[in-house]
Each structure stands twice: as structure tokens, then as C-alpha cells.
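Written below as C-alpha cells is the structure these notes are about.
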2 protein chains.
Amino acid sequence: MIKQTQTTEESIKVFKALADPIRLEIVKYLSQLDHEVSCGEISQAMQISKTSGSYHFKILQEAGLISVRKVAREKYVILDRSTFDRHLTHFWQNL
Amino acid sequence: MIKQTQTTEESIKVFKALADPIRLEIVKYLSQLDHEVSCGEISQAMQISKTSGSYHFKILQEAGLISVRKVAREKYVILDRSTFDRHLTHFWQNL
DNA sequence: TATATAGTTCAAAAATATTTGAACTATATA
DNA sequence: TATATAGTTCAAATATTTTTGAACTATATA
């Protein structure tokens, strides 16, 4: 049993990040693939501009919902499920 | 095992509703008491005006996170835990 | 070297969300 | 009946979020 701490601020960031249709679709897409995917591939799949993609990835990353690996020109993202667990799955425990 | 359906729109409403410090505090307060509480009592505990309270309760209600019972002049609210379960606790199952 | 590709940054515009106070409805009580 | 209480509604002001395109950095490739 692991003791969790999280500030209200962190939770707000997570809920804000999930409170947008594009970002929720990105999460759904990543959860189905369940491996690293490049930002370009995701932007294409979501039909959004790269500028818009860049904005939304930043918000997801700052909420801790995705983690990011830079490989040369490209950026690969993957879900960080521990953050979902902490804030969603174990919502009542950590409130 | 119960089959769940939920639209993206519903999920967005829930996450938006939780993406605000006042509303998250209201949820925390209600979860600790775990029984019906009047809007007035909550507004007082949160130190917000009744107008602001009214606004936030509406958003929580429209997201399905609280249910409401009107008794004469007063309005009593209580958490609807099934909505939290559907959208948070069982996030991955229902995505 | 020249050109293409992946992604970022910036500022302006547009869209949404929140706060505020005044006026309101409905019910309770002196 | 007069007054107080609980909560709603409205519109204006403010704050925050999202979109957009142009200019940019860094890397790859012809």
C-alpha cells in the first residue's frame, strides 16, 4: 500500500486537461494503441494543425497524463497511467 | 456486470465540473459528510456568495455529480457516486 | 548546400467560463 | 400583513482557454 499525496492544484490540472474533446480523443487514441506514438501521427489522426497539437500535448504533459520522449526531430508520447490512477481510478482514496 | 454507455459530451461535462477549485472543494466537503446538505450550508462553508453557489451547484448537477431535493425554501444536495464511478473510478472501462 | 520535415513559440482574435450585484420568486415566521 | 430567509435569474464585467497563422529551431535528406 503506497501513500499518495496530491495537491488540489494537481487535480485541477488533470481535470482541466481531460475537460476538452480533442484531448479526451487523444487519450482514447493512445489508450487503444498502448505504445509510444509520434505527435505528428496523433495530430493527423485527430485532424488538427500541428500548432493546435503542440498546445494540447503541452497541457496533457503538464498534467502528467502523458510522458514524452524526443527522438531527433520527432516527439513520441505515451500515456502515464499512474496519473490517471491517482486522480481518477483512486479518486475517493486520494481526495 | 452492468453495461455502461456514455457520450464524450457527458464525460467532458463531468471533467469540466471537477476542473474548478471551488467545485472540487464542494465535492470533498460532501464526501466527508456523506448525507444531504443544504446549499446555504455549503456556500457558507466555502465562503462564497449565494449567487456563486447557485452557479456552481447548477454545473455540478448538470454533470450528474450531485442530486438535488427541494424542501420548501431550501435545496438539499448529495453526491451521486454512480456518476463518479462511471467517469472516474471506471475510467478505462468506459472510455 | 539546398530543401523538406517535425515540432515550437508568439501574439492577436475568438470563444468560454466565472464573478458580481441588483432584482426577483417562493416560503416561513413574527 | 409585514418582514426575513433560501435560492434563482439576468446582464455586465472580468478572466481564462482555445484557435490561428507566421516566423522560428533543429534535424534529415537529396
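The apolar share of the surface of chain B, taken as the fraction of accessible area on carbon and sulfur atoms (1.4 Å probe, ligands and nucleic acids excluded), comes to 49 percent.
With its label point defined 7 Å out from Cα along the Cα-to-Cβ axis, A:Val71 lies at 6.1 nm from the matching points of the other copies, in increasing order. Only helices enter this figure: runs of n ≥ 4 DSSP H residues, each worth -39500 (n - 2.57), summed and divided by the residues of chain A, yield -15500 deg cm²/dmol at 222 nm to the nearest 500. Taking 0.36 nm per residue of separation and subtracting the Cα-Cα distance, full extension of the segment from A:Glu10 to A:Arg81 would add 24.0 nm. Once the 1.4 Å probe is applied to the protein heavy atoms, segment A:35-74 comes out at 65 Å² accessible per residue.
Put simply, the amide H of A:Lys75, placed in the peptide plane, has neighbours under 5 Å in A:Cys39, A:Gly40, leaving out anything fewer than 5 places away on its chain.
Inter-copy label distances at A:Thr7, using a point 7 Å along Cα-to-Cβ, come to 3.7 nm with the shortest given first. Using a Gaussian network model of chain A in which every pair of alpha carbons under 10 angstrom is joined by a spring, one finds that among A:Ala72, A:Ala19, A:Ala63 the greatest mean-square fluctuation is at A:Ala72. Listed peptides B:9-18, B:40-49 appear in the order B:9-18, B:40-49 once ranked by packing, highest mean of other Cβ atoms within 10 Å at the front.
Computed with a 1.4 Å probe over protein heavy atoms only, the accessible area of A:Glu36 comes to about 70 Å². Once the Cα atoms are used to define both axes, helix B:21-33 deviates from the longest principal axis of chain B by about 90 degrees. In order along segment A:59-67, phi translates into HN-Hα couplings of 5, 5, 5, 5, 7, x, 7, 10, 10 Hz, rounded to whole numbers, per the Karplus curve 6.51 cos²θ - 1.76 cosθ + 1.60 with θ = phi - 60° and x for Gly and Pro. Once C-alpha pairs closer than 8 Å and six or more residues apart are averaged by separation and normalised to the residue number of chain B, the relative contact order reads 31 percent.
Centre-to-centre separation between the Cα atoms of segment B:70-95 and those of segment A:1-50: 23 Å. Relative to the longest principal Cα axis of chain B, at what angle does helix B:8-18 sit, 0 to 90 degrees, rounded to 10? Rounded to the nearest ten degrees, it is 40. Only protein heavy atoms count here, probed at 1.4 Å, and on that basis chains A and B bury about 2100 Å² of accessible area in total.
The values are calculated or read from the model by the stated rules, or taken from the named source; none is laboratory data. In this text, all values refer to a predicted model and were calculated from it rather than measured experimentally. Heads up, the Cβs are rebuilt from the backbone with ideal geometry, glycines too, and the neighbour counts pull from every protein chain shown. Protein only, heavy atoms only, side chains kept; ligands, DNA and RNA dropped before computing areas. Shrake-Rupley method; radii C 1.70, N 1.55, O 1.52, S 1.80 Å.
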